Amino acid sequence: MQIHRRPLLPWNAHPAGPDWEIALFTHSVDASHSWRGGGKAPPRHPPADILEDPFAGLDAATRGLLHRVVARVIRAGTPVLVATNRAEEIPAATTHLLVIDQHQIIAQGPKRDMLRLWQERFGVSMARFGKPGCCTLKPSLVRKKLGRGEPLVEFQNVSVKTGRKHILHEVTWTLRDGECWVLSGPNGAGKTTLLNLIQGDHPQVYAQNIRLLGRHTDSTRTLWQMRQRLGWMSPELHQHYPDEWKAIDVVCSGFFNTVGLYEACSRPQRKAARQWLLDLGLAVHANELFGELAFGQQRLVLLARAAVKHPRLLILDEPCQGLDATQRRTLLAVVDRVVVQTGASLIFVTHHADESPRCITHLLQLADGRIREAGPAIRDQP
C-alpha cells in the first residue's frame, strides 16, 4: 500500500502531541467500481491518503472546498485517514472512527457510536458547532469600560502592495485602550500583514500613516518602544519555540521578546513569571522542559509569556489552532482572565465563529485587503 502523508505541521514540532485527538478512517469502495485506467486493470491495493490536521489555519470557505476534495478522493476509491480534534471537521463520508486519548487508543468503531462516545467523554457534540460563518459571540460580561479610551493603534489609508497586488488597500482603523477585537477574514485577506505592521515586522511600516501609542511608526525607536508594550502568541511561535528551555524560562523570555531566554531575569521578573504559572495551574511544571509538557500546557505557557509584562496590547494569532475542545474552552477562559488581570486591549485572530473569548467588544473583518466590517461585535442574547 502506498501512503501519502500530508501533515500541516511537522509531527516532531509537537513532541508531546495533543492531549487527545480523534483519528477517523474511511473505507475505500471496491476499486474495480471507481478505477478509471483507460482499460488497464485496477491496482490491487489503491494508495491511501493520511491527512494530519488538514483544516487547521483555513478559513470557512477553504475548509468547505477541502471537504469536497476529500469527498472526491473517497468516491474515487482511495482509503483516507484523517487526524483531527474537531468534530465539525469529520468528513461526511467517514465510516469509522479511532479515538485516541493520552497516547492510547481508547475506542474504535462505527462513526455514530464513536461520536456518542466523544460527547460522553469530552462533553462536546456535533450540535455544539453552529453553521459555518454564524456569529456566536457571547455577551461581554468580563469587563465593561465606559467612554472612549485613548488610541493605541491608528491606521489612516494604509496600503501595502507586493508588485501589482494590493495586500492591504486604504485601510483606516483605530483600536482604543480597553477594546478587545476579533480579527477575521478569508486566507489571504491581509490579516497577517496588518499584524506585522502593528508589530513593526514589515518593511513598509516606515512609509505608512500609522500611529502606535500616539506616535508615528517612522523610526526604529518608536517601533522598539511599542514592542515592549506588546504581548504576542501564535501557532508559528509554538512550532518553533525550542524544546530545551524550562517552562519558567519560556515565560521569562516574554520580558525580552526573545525565543529562548538569553538575558538574566531580575528577582521581581522571575517572581512574576512564577505567579503566572501558579495562576494557570502550571506551577508544578515550572522547572520541566518545554518540550516535555503536554501540547495544551505548552500553549498556556506561551500565553503566560505573552502576558507576563502586562502589555498594553495583546495579539493572539489563532491561539486555539491544534487544541481539542476542552483545551479551547480552557484557553478562552484564560484569555478572559488575562485581559482582566493585565488591563490589556486585545486582537484575537480566528477562523471559527464559535471560538472567541467573552471579553470581545469589537469585530474587524477583512476581505481582499479591504475592511468589510468594523465596529461593535454583534452578540447573541444569553
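Since every read-out is calculated from the coordinates, none of them should be taken as a lab result. It should be emphasised that the depicted structure is a prediction, and the values quoted were computed from it without experimental measurement. Heads up, the Cβs are rebuilt from the backbone with ideal geometry, glycines too, and the neighbour counts pull from every protein chain shown.
Listing for the model above:
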quantity	calculated
Contour minus Cα-Cα distance for His310 and Arg337 (0.36 nm per residue)	8.5 nm
Proximal aspartates and glutamates to Lys246, defined as alpha-carbon separation beneath 17 angstrom and excluding residues fewer than eight positions away on the same chain	Glu263, Glu288, Glu292
Sorted by Cβ density within 10 Å, fewest first, the residues Trp245, Trp181, Trp224, Trp173	Trp224, Trp173, Trp245, Trp181
Residue order, fewest to most surrounding Cβ atoms within 10 angstrom, among Glu318, Glu170	Glu170, Glu318
Spacing of the two label points (7 Å from each Cα toward its C-beta) at Thr326 and Thr62, in nm	3.0 nm
Amide H within-cut-off set for Arg215, under 5 Å, with H built and near neighbours excluded	none
Inter-probe distance in nm under a simple model that places probes 7 Å from Cα toward Cβ, at Glu120 and Phe256	5.2 nm
Rough spin-label spacing in nm, given labels placed 7 Å along Cα→Cβ, for Arg112 and Glu88	2.4 nm
3J(HN,Hα) from dihedral phi, the range 193-201, Karplus parametrisation 6.51/-1.76/1.60, rounded to Hz, x for glycine, proline	4, 4, 5, 5, 5, 4, 7, x, 10
Those aspartates and glutamates that a straight Cα-Cα span of less than 16 Å connects to Lys161, excepting residues fewer than 8 apart in one chain	Glu170, Asp201, Asp368
Residue-span extension gain [Arg215 to Arg372] - 0.36 nm each, minus C-alpha spacing	53.9 nm
Likely footprinting exposure, Glu179, Glu263, fewest C-beta neighbours within 10 Å first	Glu263, Glu179
